[in-house]
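Structure first, commentary second.
The values are calculated or read from the model by the stated rules, or taken from the named source; none is laboratory data. Here the structure is a predicted model, which is why all the values come from computation and not from measurement. In this analysis, Cβ positions are derived from the backbone assuming ideal geometry, glycine residues included, and neighbour counts consider all displayed protein chains. We work out accessible area using only protein heavy atoms, side chains counted, and drop any ligands, DNA or RNA first. Shrake-Rupley method; radii C 1.70, N 1.55, O 1.52, S 1.80 Å.
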Amino acid sequence: MAHQHWWTQTLATDNYRSLCEQESRLRPFLARSPQLCLRRCLSDWIVTLGQQLHLRSITRHLAVLMLDLFMERHDVPPTKLLPTALGCLVIACKFEEHEENIPRRKNLAEVLNLCLPGVSVEILLGGDVMLQTEMQVLAGLSWDLFLPTAAHFSDYFLTLALQEVSIPSHQGCDKLLYLRRYTSYFLELSLQDHVHLNFPPSLVAASCVSAARMCVHLPPTWPGQLQQLIGYNLQQLLPCMELLIRAYKSDRDANRQRKEQLLELSQPEIFTPSCGKYICVESYPQNVGHADGRCRGDPNGHNLCRPPLPSDPR
């Protein structure tokens, strides 16, 4: 939908207005899908696949939004959820990526074998399964793929934010680098909870930039220049920002607890009172989950929580 680096071109303002116009046509999200409880696992799975395939952020965000809208309008059988999620990602690739970046069947099979070990790839890619799934998704969305997401707005907002930044040279590079990284982090964080669909994508993107400024201690949180150019004031951003910061703190605490667990497990020797001797620990578990029990992938990118798979046609 959007050309690469449009936010740095002379028509950036016009492109932004066009995105806002398309955004105004989005239907409200009602969170009425019967499979809403599995949405987190599906969105994590799409993001993992997208990262393994080196897809752009806007492609991953569009795929998740397409899945949300499709599940909102249709009662998808649990065994069809993974094929549907994969179909959304493939369609998003064809819509957003350059032709040379669109994954071929061989690439998809290799990545699926990594993300779904022990599962026959034919279940998802065999025969006409993928083509039929893509057609069902397109028909379910009325072939309307002009769906702006927060990722479509974020680069433009971040470009504006960087233009007004005035940082001493000795720390400027680090702060600007971390501002970009935190913005990308909050964008990915916004995909995890469907509550962010209650906000316009442009507001979510602005909230991600503002939350990133808070994390890198870059005052003010939302400069007047950005308010004037983008149209949102800080009061409008606060509800979404609070959700993002709360999720960030929860993620940070869970990671800290996981590191503490790994540190305990990685001690080279453990005393065993029963025999009064020390034993050497050669290895320790590598995929310690979050303390809050959320579905996450292991360090190798494998998804630890997934919906039931359809039966193998063979």
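Side notes on the structure shown:
- Alpha carbon convex hull of the range 7-47, projected area averaged over orientations, nm²: 4.5 nm²
- Segment ASP193-ARG73, length gained on full extension (0.36 nm per residue, minus Cα span): 41.4 nm
- Evaluating kT/(6 pi eta Rh) at 37 °C and 0.692 mPa s, with the Kirkwood radius of the range 193-261 over Cα pairs in the Stokes-Einstein relation, gives 253 µm² s⁻¹.
- Summarising the label geometry, the points placed 7 Å from Cα in the beta-carbon direction at ARG256 and GLN22 lie 4.1 nm from one another.
- Rolling a 1.4 Å probe over the protein chains gives SER142 an accessible area of about 80 Å².
- Taking all pairs of distinct alpha-carbon atoms in the range 84-139, Kirkwood radius in angstrom: 11.8 Å
- The range 15-69 shape via C-alpha gyration tensor axes, a/c threshold 1.5: oblate
- Straightening the chain between LYS175 and CYS37 buys 45.9 nm, computed as 0.36 nm per residue apart minus the Cα-Cα spacing.
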